[in-house]
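J.: Got a structure for you, questions after.
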Amino acid sequence: MADKIAGIDVHKKVLMVVVMDARTPELKPERRRFATMPSELRRLSTWLQERGVEEAVMESKAQYWRSVWLELEPHMCLHLAQAFSNRAPRGRKHDFKDAERLVRRLIAKELILSFVPDGEQRIWRNLTRMKLQLTRDRVRIQSQIECLLEEMRIKLSIVVSDLLGSSGLRILHALANGETDAKSLALLGDDRLKCTEEQLVEALPEDRIPCTGKCSRCSYLMNKSQS
């Protein structure tokens, strides 16, 4: 453990920072308040380095700790404490005291620390999560489009396996733009479709109920799926 340790009580607009000497924790710590704007975070980093701080601990409050972490990560060892492990006695909330308590409990090994992966691993983790979320969004949007088609008595999903494929999107866009002729819509199908033109015509009846609102909703969902 380093000799100089910083405790940071993180808020949305302000950071309450204390610097303590681990060898003499009974001495009064240095205290300073910083804003959370980028320029202030740089000032915080400079101020801590000038005081020889090699280790810092903060609470995992919402997402506000992330910008502080990214600014300080290249310069010192960081710890992220779970908030409930640094709870104060009831009715005794005090920001600088909270920061000081973080340091004292870190020294005493009483904090429950969260694992924060290194920068490269965080990037790969975010990309993996983003890909999974995009897949889920696509499935959800396709389900909503199919629900709208069923309400319009259009059985396109029976003959076109992927509604959001090239053929499906061309037909859906034409529907959303007001095309009502089943044969014209069937001609938009790709040659690679397993169904015949007659099957497409049958799935797109010309006598369906007018539904401008549903077509508009369908158009919105298609644009969302392609964004």
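J.: Being in a helix (DSSP H, G or I), in contact with a His (Cβ under 9 Å, 6 or more places away or on another chain) and in the same structural domain as M58 (by TED's automatic domain parsing), is that true of even one residue in the stretch 109-125?
T.: no
J.: Would you check which residues across the stretch 134-177 are more than 17 Å from L200 (Cβ to Cβ) and among the basic types (K, R) and list them?
T.: R136, R138, R140
J.: Can you name the residue in the stretch 1-31 that is basic (K, R) and farther than 17 Å from W65 by Cα and is also surrounded by the most Cβ atoms within 10 Å (Cβ to Cβ) among such residues?
T.: Among residues in the stretch 1-31 that are basic (K, R) and farther than 17 Å from W65 by Cα, the one surrounded by the most Cβ atoms within 10 Å (Cβ to Cβ) is K4.
J.: Hey, among S166, S85, which residue is of a type in the set (S, T, N, Q), in the same structural domain as V18 (by TED's automatic domain parsing) and farther than 25 Å from L41 by Cα?
T.: S85
Residue-wise test of (1) in contact (Cβ under 8 Å) with a residue 40 or more places away in the chain; (2) among the basic types (K, R).
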{"position": "Q142", "(1), (2)": "yes, no"}
{"position": "E151", "(1), (2)": "yes, no"}
{"position": "R170", "(1), (2)": "no, yes"}
{"position": "A182", "(1), (2)": "no, no"}
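J.: So which pairs qualify, if the first residue must be in the stretch 110-125 and surrounded by fewer than 11 Cβ atoms within 10 Å (Cβ to Cβ), the second must be not in a loop (DSSP other than H, G, I, E, B), the Cβ gap must be under 7 Å, and the two must be at least 6 apart or on different chains?
T.: Close Cβ pairs (under 7 Å, with a partner that is not in a loop (DSSP other than H, G, I, E, B)) amount to P117/R125.
J.: Please pick out the residue among L15, L27, L80, L44 that is at pLDDT 95 or above and within 17 Å of A99 (Cβ to Cβ).
T.: Within the list L15, L27, L80, L44, the selection yields L44.
J.: Going by the structure shown, is L193 modelled with pLDDT under 85, farther than 22 Å from R136 by Cα, in a loop (DSSP other than H, G, I, E, B) and of a type in the set (A, V, I, L, M)?
T.: Here the answer is yes, as L193 does meet what is asked.
J.: Sticking with this one: Considering every residue within the stretch 45-61, establish whether at least one is in a helix (DSSP H, G or I), free of Cβ contacts under 8 Å to residues at least 40 places away in the same chain and either touching a helix residue (DSSP H, G or I) at 6+ places or on another chain (Cβ under 9 Å) or crowded, with 18+ Cβ neighbours inside 10 Å (or both).
T.: Within the stretch 45-61, one or more residues are in a helix (DSSP H, G or I), free of Cβ contacts under 8 Å to residues at least 40 places away in the same chain and either touching a helix residue (DSSP H, G or I) at 6+ places or on another chain (Cβ under 9 Å) or crowded, with 18+ Cβ neighbours inside 10 Å (or both).
J.: So for the stretch 166-180 (the condition being at pLDDT 80 or above, buried (at least 16 other Cβ atoms within 10 Å of the Cβ) and not in a helix (DSSP H, G or I)), does at least one residue qualify?
T.: no
J.: Residue check, M130 against (1) part of a helix (DSSP H, G or I); (2) farther than 30 Å from L15 by Cβ; (3) without any contact (Cβ under 8 Å) to a residue 60 or more places away in the chain, all met but one. Which one?
T.: Answer for M130: the failing condition is (2).
J.: Let me ask another. Within the stretch 196-215, track down each residue that is modelled with pLDDT of 65 or more and either polar (S, T, N, Q) or not assigned by TED's automatic domain parsing to the domain that holds K155 (or both).
T.: T196, Q199
The values are calculated or read from the model by the stated rules, or taken from the named source; none is laboratory data. Here the structure is a predicted model, which is why all the values come from computation and not from measurement. As a convention, Cβ positions derive from the backbone with ideal geometry for all residues, glycine included, and neighbour counts pool all protein chains shown.
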